[in-house]
Amino acid sequence: MSAYPDETTLAKAVAASLDNSKAEDIVVIDVRDRSSLADIMIVASGRSHRHVGAIAERLFDDLRDVGVHDPRVEGLPHCDWVLVDLGDVLVHLFRPDVRGFYNLEKMWSGEAPAPVAPRPAVVRPVAEA
């Protein structure tokens with residue numbers, strides 16, 4: 001059994017596994033300066049529930065090869081959003097519509113949010129007494 005890998009090695013292994021599983025839109029975000037939960041966040045999509053589940057299962061197999069045997073996992077068996085907590089690396093696997101709804105990349109990428117346009121004032125006539 002090999003030693004638990006550092007976060008950079010682990011992130012590379014995760015990204016390679018996701019790519020080999022045909023995960024789509026793989027994004028790696030360095031969150032060291034924005035979160036105490038993890039150093040690296042990886043977000044990817046699967047085309048369907050089954051694809052997301054298959055990506056997760058392949059990831060678990062590939063993680064065992066680098067010495068990670070019991071990752072913390074949420075979201076199975078539904079597979080809309082699967083979270084794999086590897087300590088310093090968090091992996092989010094989504095179906096595309098769920099990923100678009102939560103938009104984690106924008107939240108964690110450090111981009112300033114788009115300004116919200118003020119609502120137009122509504123003028124209502126005052127009823128006379």
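We did not get these values from a lab; they are worked out from the coordinates using the rules stated. Keep in mind that what you see is a predicted model, and the values were worked out from it rather than measured. Neighbour counts are summed over all protein chains in view; Cβ atoms, including those assigned to glycine, are modelled from backbone coordinates with ideal geometry.
A few remarks follow.
- Sequence-distant contacts, meaning Cα pairs under 8 Å at least 6 residues apart, place the relative contact order of segment 7-102 at 29 percent.
- Cα gyration tensor, segment 7-102 - rounded (a/c under 1.5), prolate or oblate: oblate
- Under Karplus coefficients 6.51, -1.76 and 1.60, residue-wise ³J(HN,Hα) of segment 51-57 in Hz, glycine/proline x: 5, 4, x, 5, 4, 4, 4
- For ASP33 and VAL98, the FRET efficiency from 1/(1 + (r/R0)^6), where r spans their Cβ atoms and R0 equals 25 Å, is about 0.40.
- ³J(HN,Hα), Karplus 6.51/-1.76/1.60, whole Hz, each residue of segment 63-79, x for Gly, Pro: 5, 4, 5, 9, x, 9, 9, 9, x, 7, 10, 10, x, 8, x, 5, 6
- Residues PHE101, PHE94 arranged by fewest to most Cβ contacts within 10 Å: PHE101, PHE94
- Summarising the label geometry, the points placed 7 Å from Cα in the beta-carbon direction at ASP85 and ASP70 lie 1.4 nm from one another.
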